[in-house]
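Since every read-out is calculated from the coordinates, none of them should be taken as a lab result. The model shown is predicted, which means the values in this text are computed figures rather than measured ones. Note that each Cβ is placed from the backbone with ideal geometry, even for glycine, and that neighbours are counted across all protein chains shown.
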């Protein structure tokens, strides 16, 4: 048998999944020079095994071999999925190992946070959200609103459909577009009422708008809002955060890294900005599935995490801050050898408005750490000094005139708290801080949509 026959026989073994990575590596290395002389540089690079030679590498080599036979005029059918299956299994094992190593690394701070929670137990919320999955009750399909796929295949979600010339996918007439828009709004409303609203109510949130839910508990605000397109239909984002009542939803210490970068959130956001309005029809089943993903993410990840934070002491607990710090850098990705997430740069970058200084500064005043609190507020106000000056010159730098401008509101509140430093005596300053806190919170309830905005 000459080498070409040996080579092509080995290639066929790779196509059928009959050669293991170690044998493939040994054979390739032993015949590297002969392979270079018999294969073009393009074929050689396509088939050459990557390092390390594992099942994922075998998948790439197998694809290269299939391409080689195809270009030789002898395409091979019925290639084996053996390498693909083994690569998936290998990836899962490696991923689990890296996740295990990651959680072992951060286990001390996780244990400390769990110990804190054990001393401040929160009764679990009893709500069978799984029963809400699927088609909302009473939903009636409207086949006329769907544009049939000429291929006869199952239609893909809007985000999965590749871009095609306009002539290939005719847009509905104007009247039909209006009907489709109405149908889209109906589907969104059905899912919101059947899935999101009951979950929010179960966790004590109240409806503050057609697509906004809020809750206040012991000085802590939970906020959920579906942000919509201004031009038509759908939702472009979901805003969900937890913050002190006196804050402006600056998102610091919001959700830990394993939630914000977890698989359920990735699934919810995959290929979707959140739910889009399509001129060619309304994908009812796609909307229903997407709301199932939203519901699952909120019910399994977000709301239980929020429920643990039932007071300012829990929000600012050193154990919680340590956990967030440890989770800034996630575990390594099994394929790319980089971190699955890395928020260290963002965390080190100060908020452009000084919102972090305001957030922690007020908490330090409330918890009796005067010196640190006033220092933080000083830095916040110094950062916003040019902005503050222009409003002071206009004479409208008051909390009543700032509720619709978060940046202005932040500096106004920071200034109100800082003015308490002028009181003589620690007891007097303490009373002034608490009075200011109550005053600010009264107006912030309007900002957070917990109450109507106070009249000027």
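At-a-glance table
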| read-out | value |
| --- | --- |
| Burial ordering of 116, 291, 11, fewest other beta-carbon atoms within 10 Å first | 116, 11, 291 |
| The chain, helix-only ellipticity at 222 nm - DSSP H runs n ≥ 4, -39,500 (n - 2.57), divided by all residues, nearest 500 | -16000 deg cm²/dmol |
| For the chain, diffusion coefficient by Stokes-Einstein and Kirkwood Rh (Cα), 37 °C, 0.692 mPa s, µm²/s | 121 µm²/s |
| Exposure proxy ranking, count of Cβ atoms within 10 Å, fewest first, for 388, 4, 294 | 4, 388, 294 |
| Base-10 log of normalised Debye intensity for the range 3-80 (one unit scatterer per alpha-carbon) at q = 0.12 Å⁻¹ | -0.27 |
| Rounded to 10°, Cα long-axis angle of helix 370-383 versus longest principal axis of the chain | 70 degrees |
| Neighbour-count order for 409, 186, fewest beta carbons within 10 angstrom listed first | 186, 409 |
| Label-point gap, in nm, between residue 26 and residue 126 - each point 7 angstrom along Cα→Cβ | 6.3 nm |
| Nearest-ten-degree value, helix 426-447 long axis tilted from longest Cα axis of the chain | 60 degrees |
| Theoretical gain in end-to-end length, residue 311 to residue 89 [0.36 nm per residue, Cα-Cα removed] | 75.6 nm |
